[in-house]
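Only the coordinates and a few stated rules stand behind these numbers; no lab work does. Not measured: the values here are computed from a predicted model. Quick reminder, even Gly has a Cβ in these numbers, built from the backbone with ideal geometry, and neighbours come from all protein chains shown.
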Amino acid sequence: MKDIPRGAAVFIDANIFIYDILAVPEYVESCMSFLKRVESQEIKGYTSILVISEVIHKLMFSEIIEKHNLRPDRVLKEMKNNPQIIATLEKYRNIISKIASIGIKVLPSSDKTHKKASFYIKKYRLMSNDAINAAIAKEHGIKHIATNDADFQRIDFLNVWKP
């Protein structure tokens, strides 16, 4: 991601935030450096509410796994059976303010976005959230995406930048 051109508008996928926040050893340096470039306004950063939701969800799961020593496949059941553990979670709480403080703009979606996403699901063989995020990027003229999700490489109008 260090080679993303100065001034580029870049859609930021959930895994970039997750690698940074959870300090995933293989990717943290690249993601932190990229987000600093966004914060310094060298790059224009954009994301969606779907991305924020995914980040919050994964941070909550990660914290439950860590605090309660659970296997990932047991987390959802634990949350349903013991919803009080949700109130003890902290990691996810600052994600929205962190994104805003870095200067990342959260882009809206519309009926038009969702219609275009339906087309992208079939054309590019994408899951629904990825298709919606691609449609949001296209709708806003964004040609770059920071992600570690190889599915975006099937999209002909996005340049994929991996950590």
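A few remarks follow.
- Highest-MSF residue in the chain out of I85, I142, I12 [GNM, Cα springs under 10 Å]: I85
- Correct option for Cα Rg over 2.2 N^0.38 Å [calculated from the coordinates] among (1) 1.07; (2) 1.29; (3) 1.46: (1)
- Once you reduce segment 60-109 and segment 135-163 to the center of their Cα atoms, the two points are 25 Å from each other.
- Sparsely packed trypsin sites (Lys or Arg not before Pro) within segment 1-92, loop by DSSP, other Cβ within 10 Å at most 12: K2, R6
- Here's the picture: charge each Lys and Arg Cβ at +1 and each Asp and Glu Cβ at -1 in segment 20-77, and of V24, H57, I43 the one pushed furthest to the positive end of that dipole is H57.
- Links that overshoot a 24 Å alpha carbon limit, given the list K91/K112; K2/K105; K58/K115: K91/K112; K58/K115
- Theoretical ellipticity at 222 nm over the chain - DSSP helices of four or more residues, -39500 (n - 2.57) apiece, nearest 500: -15500 deg cm²/dmol
- Point-charge dipole on Cβ atoms (K/R +1, D/E -1) for segment 1-63, about Cα centre, debye to 20: 240
- L126, L89 arranged by Cβ crowding within 10 Å, fewest neighbours leading: L89, L126
- Overall form of segment 22-107 per C-alpha gyration tensor (a/c, 1.5; a/b vs b/c): prolate
- By the combined test of axial Cα extent (at least 15 Å) and Kyte-Doolittle hydropathy (mean at least 0.0), the qualifying DSSP H helices of the chain come to 28-39, 49-68.
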